[in-house]
1. With the checklist (1) out of contact with any strand residue (DSSP E or B) (no Cβ under 6 Å at 6 or more places or on another chain); (2) closer than 24 Å to A521 by Cα in hand, flag the one item L388 doesn't pass.
2. Please report, ordered by residue number, the helices (runs of 4 or more DSSP H) entirely within segment 623-726 with at least 2 residues that are more than 29 Å from L240 (Cα to Cα) and under 36 Å from the mean Cα position of the chain (by Cα).
3. Specify the residue that is farthest from the chain's Cα centre (by Cα); the eligible residues are those in segment 469-485 that are closer than 17 Å to P112 by Cβ and crowded, with 17+ Cβ neighbours inside 10 Å.
4. If you go through segment 474-490 one residue at a time, do you hit one that is acidic (D, E) and modelled with pLDDT of 90 or more?
5. Testing R13 on (1) modelled with pLDDT under 90; (2) within 32 Å of the chain's Cα centre (by Cα), one condition comes back false. Which one is that?
6. May I ask you to list the residues in segment 30-56 that are aliphatic (A, V, I, L, M) and either free of Cβ contacts under 8 Å to residues at least 12 places away in the same chain or in a loop (DSSP other than H, G, I, E, B) (or both)?
7. Here are the criteria: (1) at pLDDT 85 or above; (2) touching a Leu at 6+ places or on another chain (Cβ under 9 Å). Tell me which single one A532 does not satisfy.
8. Check T568, T562 and return the single one that is free of Cβ contacts under 8 Å to residues at least 40 places away in the same chain, β-branched (V, I, T) and over 22 Å from E519 (Cα atoms).
Amino acid sequence: MARRLAGFARRRRRPVLIVAVLLALLGAATSTSLFGKLSAGGFDDPGSESGRAADALEETFGQSPPNLALLVTVDGVDGAAATEAGTRLAEGLAGEEQVRDVVSYWTSGRLPQLRSEDGDRALVLATITGDETAVNERVGELADEYGGDADGVTVEVGGYAAFSHELTEQSERDVVTGELIVFPVTLVALVLVFGGVVAALLPLAVAATTSLLGMGLLWALAEVTDLSVFAANVVTLAGLGLAIDYSLLMVNRYREELAGGRTVPEAIRVTLGSAGRTIVFASLTVCIALATLILVPLPAIRSIGYAGVLTALLAAAASLLVLPALFAVLGSRVGTPRLRRQRQSGTDGFWHRLAVFVMRRPLPIATVVTAALLLLGAPFLGMRLGYLDERVMPESSEARQVATAIRTEFPTGEQDALQVVAPSGPGPGDADAVAGYAERLSLLKHVGRVDTVTGSYADGAQVVPASPAHQRFAAGEAVYLSVVPEPGTVEETRELVGAVRAADAPAEVLVGGAAAVAEDADRSLLDMLPWALGAVGLAMVVLLFLLTGSVVLPFLALVLSTLSLTATFGAMVWIFQDGNLSGLFDFTVTGTTISTVPIMLFALAFGLAMDYQVFMLSRIREEYDRGASPTAAVALGLEKVGRIVTAAAVLISIVFLAFLVSDITLMKAFGVGLPLAVLIDATLIRGALLPAAMRLGGTATWWAPAWLRRVHARFGLRETAEDDGGARATPVPIAE
């Protein structure tokens, strides 16, 4: 297969490159309208109790929780001028397309909960209808029309719809900014790594092809399924990182073959047969890790899984097709006079000396490094999960400012109200049962008020009798209650969800609302996690067995990657949950970790960690197959690929550091966590723990029962350059 692919790429090099350029340009053209198709939502489980409550509220009562909030600031909200301006604002909003259920301080009987405690601010709440894409587009239009200063009042636009809109716009800006920073910085780093401009441009060419084509395919995918705005970040930056990783491996092996005296066609063929096979395995490991996200019932996380799998496959395909075609065009110009041949044994390099040093004292080194990683991971034991809210945005965000004002300046938490839906009754005819239930709920801790068809309740008693305004809480025999929390923190509101669900109800009820959505999302993630971890672990063991032929090495690789991730998660909790270094990275400390961050970080970081495992183990296996002892195979393999793994880790870390330019805390977490995971894996794991563990295991690390050895002999794939009579490539340094 490698021979046929090499022949195709060499003979059809110009058509291959022309098609690649045309597809990249098509992807670039379609990506200009991509963000209009993406959503900032999708972090809820539609099949959960809160999802069913939202469906019942919409289908039975024709209502949805308000997703638009206009915060009106004026000198005295009860003055005549303010009343006239506020009434005109509410009536104008009520007449807009896709807008319903408009409630304002001035048109709803001057409800006190819609008036700030100092009397200078009031609220207009409404619901924008439609799917998330339509809502995102419409809220932008409404913000332009109603936001700003007019008629002596200042209007700020907030609510979940405005938050999603700002998140989408910020993500689009982050993608552009990240690319503008990453490409020139990476080019400089590649020139330093390869010691030549021509070789340095090749990984960037593959990376650009991968990212642009990925954005185009994401545009097509958005036509058939809902996608998160964060999927675009994954395609852009992960596409750059993986393409550069795979290109480094290919370019370095091709240069080794040229330096070893092979002709250009031979070098291309051997490179595809060795590094090319490694890339196939490496991309499969990334795909398997990211495929776990597809199992998550949250649409946004699932869409990131789609994007990640797509990106890994594209990066591998571009590396295996575009690069050989470029090799055929450029020939020996990919090399450089600065390259020199190294001694055949490859025993004078840094990585060889490091491996020998570690393997002479494996137990103490393994003990010290393991203890250090566990110490770094200790804060992970104190992780507290939270939900994505407006605090992930910068303080300059208008949606965040509105949410903060509502939470701190208004007497009740209207925007955080829970909806308790009883689809089958007890019905408005059983007023005593409804009233008794409302009274019990109003006594719960953190509850400010309960509204339902029989009136409004607080502290166990009715405070407002039933009125025509309360009739919206009934539809036939179905009723629902709005449980409005007291002003407080997001975490206190989430505590209320469990209390409401545990309260004695006169009928079966469904509890919904933003805090309930957060609770159910966390529960869905935790319920899915064991199955996802089991599936990815099993798949990785099988894949690494096919690569190495060993039963022991796959489990060793899983243990080492788990240690690396433990240290990474501990650092993430210490930084983003506990607030250390918040001044340096400029984010708001919430005291929690956004629940979706660990699983997304796990999938990306674990995939990359196993990616490097494949790089290392495939080269070690090659030396072992050539007859080297287990100890010598580790040292020689580490020498030949250690510098490439390090270079790849540094370059992909540069790419992921671009996440730090984002003003969104979620993206900053990836900008810190991913480089940290990659660098720990490429240094402490590959440089110390892997050689130490393989030295301690000796020949046992390559053990497999006889029947599995026969399976590997028939189905396994191994990297080898010995398919043309045994010629060996002379390892060379990347650059002097």
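The values are calculated or read from the model by the stated rules, or taken from the named source; none is laboratory data. As the structure is a prediction and not an experimental result, all values here were calculated from the model. We place every Cβ from the backbone using ideal geometry, glycine too, and count neighbours over all the protein chains shown.
1. Unmet condition: (1).
2. The helices (runs of 4 or more DSSP H) meeting that bar are 630-657, 690-697, 706-715.
3. H470
4. No, the conditions are met nowhere in segment 474-490.
5. (2)
6. Selection gives L38, A40.
7. (1)
8. The match here is T562.
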